[in-house]
1. Kindly provide the set of residues from the range 178-188 that are hydroxyl-bearing (Ser, Thr, Tyr) and either within 6 Å of ligand 2 (Cβ to nearest atom) or under 13 Å from Asn41 (Cβ atoms) (or both), ordered by number.
2. Restricting attention to the range 49-62, and to residues there that are in contact with a strand residue (DSSP E or B) (Cβ under 9 Å, 6 or more places away or on another chain), in a loop (DSSP other than H, G, I, E, B) and open to solvent by 30 Å² or more (accessible area, probe 1.4 Å), which single residue is farthest from Val18 (Cα to Cα)?
3. Considering only residues that are within 9 Å of ligand 2 (Cβ to nearest atom) and in contact (Cβ under 8 Å) with a residue 60 or more places away in the chain, which ones fall in the range 189-206?
4. Do we find a residue being within 16 Å of ligand 1 (Cβ to nearest atom) and hydrophobic (A, V, I, L, M, F, W, C) anywhere in the range 200-210?
5. Filter the range 146-163 down to residues that are touching a helix residue (DSSP H, G or I) at 6+ places or on another chain (Cβ under 7 Å) and open to solvent by 40 Å² or more (accessible area, probe 1.4 Å), then give me how many there are.
6. Residue under question is Lys287, and the condition is that it be farther than 25 Å from Glu136 by Cβ and among the basic types (Lys, Arg); does it hold?
7. Show me the strands (runs of 3 or more DSSP E) found entirely inside the range 73-186 where at least 1 residues are more than 30 Å from Tyr311 (Cβ to Cβ).
8. Name, by its number, the condition in (1) surrounded by 14 or more Cβ atoms within 10 Å (Cβ to Cβ); (2) out of contact with any strand residue (DSSP E or B) (no Cβ under 7 Å at 6 or more places or on another chain) that does not hold for Ile242.
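The values are calculated or read from the model by the stated rules, or taken from the named source; none is laboratory data. Just so it is clear, the structure is predicted and the values come from calculations on it, not from any experiment. For neighbour counting, all protein chains shown are included, and Cβ atoms are generated from backbone atoms with ideal geometry for every residue, glycine included. In case anyone asks, the SASA skips ligands and DNA or RNA and just uses the protein heavy atoms, side chains included. Shrake-Rupley method; radii C 1.70, N 1.55, O 1.52, S 1.80 Å.
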Amino acid sequence: MNTLLVTGGAGFIGANFVRMVLDEHKDIKVVNLDVLTYAGNLENLDGYLDRDNHVFVKGDICDEVLVKKLLEDHDVDCIVNFAAESHVDRSITGPKIFIDTNVTGTLTLLQAARDKQVTRFLQVSTDEVYGSLGKEGMFTETTNLSPNSPYSASKASADHLVAAFGHTFGLPYNITRCSNNYGAYQFPEKLIPLMINNALHDKALPVYGDGMNVRDWLFVYDHCTAIWKVLTEAKAGQVYNIGGCNEKPNLEVVKLILAHLNKPESLIQYVKDRPGHDQRYAIDASKLMTELHWAPSVTFEQGIARTIDWYLAHSDWLNHIVSGDYQNYYDSMYQGR
Ligand code: NAD
Ligand code: TYD
């Protein structure tokens with residue numbers, strides 16, 4: 001691999017991935033395509049925008065002409081697609097953009113990747129495509145896709161398209177399906193950064209339903225190392241689950257955050273449940289661990305402590321993101337570029 005197109009590389013996981021690649025794999029050129037929605041933010045790439053081997057392009061993955069031109073101009077040979085609308089609650093109030101970005105956008109990338117004959121297309125998917133579990137069992141790569149929310153349905157559609165391009169056109173692809181991530185630069189609408197931000201401001205912490213829905217948490221850096229391993233070591237056409245065996249009920253996570261911040265549990269407010277709320281996710285990542293020898297670098301306790309400390313040390317970032325000030329930051333960064 002010489003030149004890697006990363007889409008959505010100004011979002012939470014994409015920015016962590018771009019930082020990791022630029023730090024640890026300096027021989028790779030990264031072309032970073034991100035349209036900068038509310039969730040994409042150039043502050044997430046602070047210190048990395050001017051690297052010689054990093055080209056940031058503000059643009060849409062649905063823009064066929066732009067995508068094709070980028071692949072040609074930079075002679076891209078691999079693609080990792082992070083770009084997406086990613087929040088379940090937003091997909092309930094406004095599903096259409098999820099189809100536009102997650103399905104049509106992925107199709108646009110696939111067509112361009114096929115035409116350019118890239119050597120690998122890695123689709124960053126999610127465990128949510130498998131649907132919801134009861135008390136027992138785990139998702140494996142052969143579990144049927146059974147998505148429940150507009151978000152997960154759009155991601156499952158994209159997964160099917162990626163596999164279809166492999167089958168029909170011989171596109172060399174991989175799909176990774178990861179559990180819930182946490183870590184630095186996550187937009188404070190998702191559970192962990194939202195609860196940290198609210199607790200810091202002594203605002204109510206809205207727990208949906210009884211707080212007993214279970215998610216399987218993975219530190220974002222460990223998701224990035226897993227994607228890198230799949231991209232560089234996996235056989236084409238393989239799907240890998242990614243997860244760290246850290247199942248927690250939401251309430252336990254919220255209480256842990258409050259304890260770490262020395263805030264009272266009276267801040268917890270039980271609110272109306274999310275419609276169609278998936279009960280439990282649990283990932284069996286043994287294929288990735290045995291075939292590619294991947295393992296997470298931190299325990300949940302280490303990762304969450306590191307994450308809370310990061311948000312404490314980056315209150316400016318949190319305030320910018322929440323207030324929308326990052327648009328001004330973007331304009332000032334990009335004057336004349
Ligand atoms: P995010 O919402 O933080 O970031 C998404 C990024 O994509 C943003 O920078 C946004 O500007 C960009 N984007 C959106 N629409 C675009 C478009 N049309 N063209 C170009 N860029 C566009 O999301 P995230 O949490 O970093 O998730 C990244 C990927 O990982 C997604 O595909 C998501 O489905 C998947 N995933 C996320 C998690 C998680 O816990 N966050 C877990 C498993 C998989
Ligand atoms: P979220 O971070 O939105 O991720 P996902 O829905 O993709 O798993 O939510 C994680 C869990 O936390 C989920 O069970 C919903 C719950 N939740 C709350 O209880 N309150 C909140 O304010 C949010 C955003 C989520």
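1. At the first step, the residues of the range 178-188 found to be hydroxyl-bearing (Ser, Thr, Tyr) are 179, 182, 185.
Of everything in the range 178-188, just one residue is hydroxyl-bearing (Ser, Thr, Tyr) and either within 6 Å of ligand 2 (Cβ to nearest atom) or under 13 Å from Asn41 (Cβ atoms) (or both), namely Tyr185.
2. Taking the range 49-62 first, the residues in contact with a strand residue (DSSP E or B) (Cβ under 9 Å, 6 or more places away or on another chain) are 49, 51-61.
Subset that is in a loop (DSSP other than H, G, I, E, B): 49, 51-53, 59-61.
Applying the additional criterion that residues be open to solvent by 30 Å² or more (accessible area, probe 1.4 Å) yields 51-53, 60.
Numbers: Arg51: 11, Asp52: 13, Asn53: 11, Asp60: 18 Å.
By that ranking, first place goes to Asp60.
3. Step one: of the range 189-206, the residues within 9 Å of ligand 2 (Cβ to nearest atom) are 189-195, 198, 205-206.
Listed by number, the residues that qualify are Glu189, Lys190, Leu191, Ile192, Pro193, Met195, Asn198, Leu205, Pro206.
4. Looking for residues that are within 16 Å of ligand 1 (Cβ to nearest atom) and hydrophobic (A, V, I, L, M, F, W, C), one finds none in the range 200-210, hence no.
5. Keep residues of the range 146-163 that are touching a helix residue (DSSP H, G or I) at 6+ places or on another chain (Cβ under 7 Å), which gives 146-147, 149-152, 154-159, 161-162.
After this cut, where a residue has to be open to solvent by 40 Å² or more (accessible area, probe 1.4 Å) as well, the list is 146-147, 150, 157, 161.
Number satisfying all stated conditions: 5.
6. Working: farther than 25 Å from Glu136 by Cβ: no; among the basic types (Lys, Arg): yes.
When the stated conditions are applied, Lys287 does not pass them.
7. Values: elements: 78-81, 120-126, 173-178, 180-182.
In the range 73-186, the matching strands (runs of 3 or more DSSP E) lie at 78-81, 120-126, 173-178.
8. The single condition Ile242 does not satisfy is (2).
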